[in-house]
Amino acid sequence: MVVTADASLGVLPRGDVLIDGSTIAAVAPELQPPPGPEPEVIDVAGRLVIPGFVDTHRHTWQSIVRGFAANWTLGQYLAGIHAGVSRHFRPEDTYLANLLGALEALDSGITTLLDWSHNLYTPEHADAAVQALRDSGLRAVFAHGGGAHEWGAVPSDVPHTADVRRVRAEHFASDDGLVTMAIALRGPQFTVPEVNRHDYALATDLDLPITVHVGDGEWGRRGPVRGMARDGLLRDRTTYVHCNTLADDELRMIADSGGSASVAPDVELAMGHGWPATRRLLDAGIRPSLSIDVCSLNGGDMFATMRTTIGVQRAFDNARAAENGNEPERLELTCRDVFEFATIDGARACGLADRAGSLTPGKQADVVVLNSGLATSPLNNPLGALVYAAHPGLVDTVFVAGQCRKRNGALVGVDVPALLSRAERSRDHVIAAFPEATRETEWFPGTVHAQEG
Ligand SMILES: [Zn+2]
């Protein structure tokens, strides 16, 4: 079965996908071999073929401190990660964290990752983060988010680091590569208005798309988007991350400006950001994308994220019907919707819908094959299986831009044990200053009150 996430192709109960070089040449129920040399045939009969997932917001540098925040509040997370381990990262730690996170994403069928990189102490940290994304082989957007100097005290009056200009010039002269660039701004919640205007001007000057957190918890209740509207900063090519506590008129302002949204449901629910804004975004005319956010808290695969997204929203929708004394006639949010959030809508949010997010002839061949497993067989409803039952263990084969990055369930050309032992050494280094973290199986740092940053 081929689930294309392409509006005109839909789901093919039986299909062939032809990859020619880096692109998808054809998708159809049955393809004849093209003229010329015999193509290599990968027989995936009985399996699911899908476009690679798109994660529109992940702080990939936290991959080596995976799981630390699983039982932390937002305040503990700010203390333990942002005011804690972050300052002990050397460039080689950033490299390993990004490589681990990017390969973890690939391994679970995510072929496009927006790396929301906001622990860039020095130019060498930025170079390391970019190099790791390139070395991983996945499609990535490197979103330059500065470092502790910019993020230390909020609202900050420190402008976004000028190193972003160097990174743009040295690493991203073209926007056509497998790794492209964006700017990750602190925005109206975490900078004073003059600095926010400066940072937006910098994004315009460098012709970079913007990703910005708004609407997470208390920070979002002060009308951050209204403030941006007053400053003339609402524009397209901008992804608004979270959006939980934005007012309805602010969501409409984002829609009217052509902006996109990224919902990170696991983090939002755990850290008190508010209820995921999925339904409210749809009502405002925005198809949300989905994101992992921090692997220091939750897992890094899109199957779990889709499941949280649909479970929470359906609970809301059913509760609303019950409050009105009704039984719902149908479930409004479908598995197809949520699968599209995780694929084509993510590609749109990243500005990559011309090349990724669906199995559409002419796009880049970012293709994932899932094994049929006990969890998904018999395969009676492919979209239902993808959203409610599939898991990373079923990901058999992954292509990115026509390059095979995973085959027969194993990453191609990656020495996983060696990578993991290097990542553990980096982990040991960044937590060395926190004896409790090194001694115990669970560590609770102090707390930083979110309102103080
Ligand atoms: Zn975030």
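Computed over protein heavy atoms with a 1.4 angstrom probe, the accessible surface ordering of V154, V167, largest first, is V154, V167.
Neighbours of V195 by Cβ distance under 14 Å: Lys/Arg scored +1, Asp/Glu scored -1, total -3.
As a fraction of the 1.4 Å probe accessible area of segment 315-374, surface on carbon and sulfur atoms comes out at 47 percent. Annotation: for a label point projected 7 angstrom from Cα along Cα→Cβ of R14, no residues of segment 348-390 have a backbone N closer than 13 Å.
Using 0.36 nm per residue, how much length does the chain from V192 to L420 gain when fully extended, once their Cα-Cα distance is taken away?
78.0 nm
In the chain, the longest principal axis of the Cα atoms and the axis of helix 193-205 are about 40 degrees apart. Accessible surface comparison of H160, H391, probe 1.4 Å, protein chains only, largest first: the order is H391, H160. Ranking L379, P188, A319 by Cα position along the charge dipole of the chain, where only Lys, Arg, Asp and Glu carry charges on their C-beta atoms, puts A319 farthest toward the positive end.
Which value, in debye to the nearest 20, gives the size of the charge dipole of segment 53-348 about its Cα centre, when Lys and Arg are +1 and Asp and Glu are -1 at the Cβ? Spell out each step's value before the answer.
Working: 27 positive and 40 negative charges, 48 e Å.
With Lys and Arg at +1 and Asp and Glu at -1, about 220 debye.
Compute the signed sum of charges (Lys and Arg +1, Asp and Glu -1) over the other residues within less than 15 Å, Cβ to Cβ, of A423. Summing Lys/Arg as +1 and Asp/Glu as -1 gives -3.
Relative contact order, whole percent, for segment 168-306 stands at 18, derived from Cα pairs under 8 Å and 6 or more residues apart.
Each of M302, P91, V214 was scored by the projection of its Cα onto the charge dipole of the chain, and the greatest displacement toward the positive side belongs to V214; charges sit on the C-beta of Lys, Arg, Asp and Glu.
How about segment 164-254: which trypsin sites (Lys or Arg not before Pro) there are in a DSSP loop, with at most 11 other Cβ atoms within 10 Å of their Cβ? Can you show the working numbers first?
Numbers: sites: R165, R166, R168, R186, R197, R221, R222, R226, R230, R235, R237, R252; in loops: R186, R235, R237.
Sites meeting the loop and neighbour criteria: none at all.
Before anything else, pin down the relative contact order of the chain: Cα pairs under 8 Å, at least 6 apart, normalised by residue count, whole percent. Before the final figure, lay out each step's value.
Details: 954 pairs, mean separation 104.3, N = 453.
Rounded, it is 23 percent for the chain.
Take L379: with every protein chain present and a 1.4 Å probe, its accessible area is about 50 Å².
Within 11 Å, Cβ to Cβ, of S260, how many net charges do the neighbouring residues add up to if Lys/Arg are +1 and Asp/Glu are -1? Present the calculation step by step, with values, prior to reporting the outcome.
Details: positive: R237, R287, R348; negative: D236, D345.
With Lys, Arg at +1 and Asp, Glu at -1, the neighbours total +1.
Computed from Cα positions, the angle between helix 91-107 and the longest principal axis of the chain comes to roughly 30 degrees.
For segment 53-348, the solvent-accessible area works out to 33 Å² per residue, with a probe of 1.4 Å and every protein chain left in place. For the chain, the longest principal axis of the alpha carbon atoms and the long axis of helix 123-136 meet at an angle near 10°.
Relative to the compact-globule estimate of 2.2 N^0.38 Å, the Cα radius of gyration of the chain comes out at 0.95.
Got a sec? Charge dipole of the chain, +1 on Cβ for Lys and Arg, -1 for Asp and Glu; which of L100, N119, A140 is way out at the positive end? The one lying farthest along the dipole's positive direction is N119. For the pair segment 259-316 and segment 318-364, the centres of their Cα atoms are 12 angstrom apart.
Here segment 151-167 is scanned for amide nitrogen atoms under 20 Å from the site 7 Å beyond the Cα of D231 along Cα-to-Cβ, giving 151-165. With every protein chain in place and a 1.4 angstrom probe, the accessible-area ranking of M306, M1, largest first, reads M1, M306.
The values are calculated or read from the model by the stated rules, or taken from the named source; none is laboratory data. Keep in mind the model is a prediction, meaning the values are calculated, not measured. Using ideal geometry, Cβ is built from the backbone for each residue, glycine included, and neighbour counts are taken over all protein chains shown. Ligands, DNA and RNA are excluded from the accessible area calculation, which covers all protein heavy atoms including side chains. Shrake-Rupley method; radii C 1.70, N 1.55, O 1.52, S 1.80 Å.
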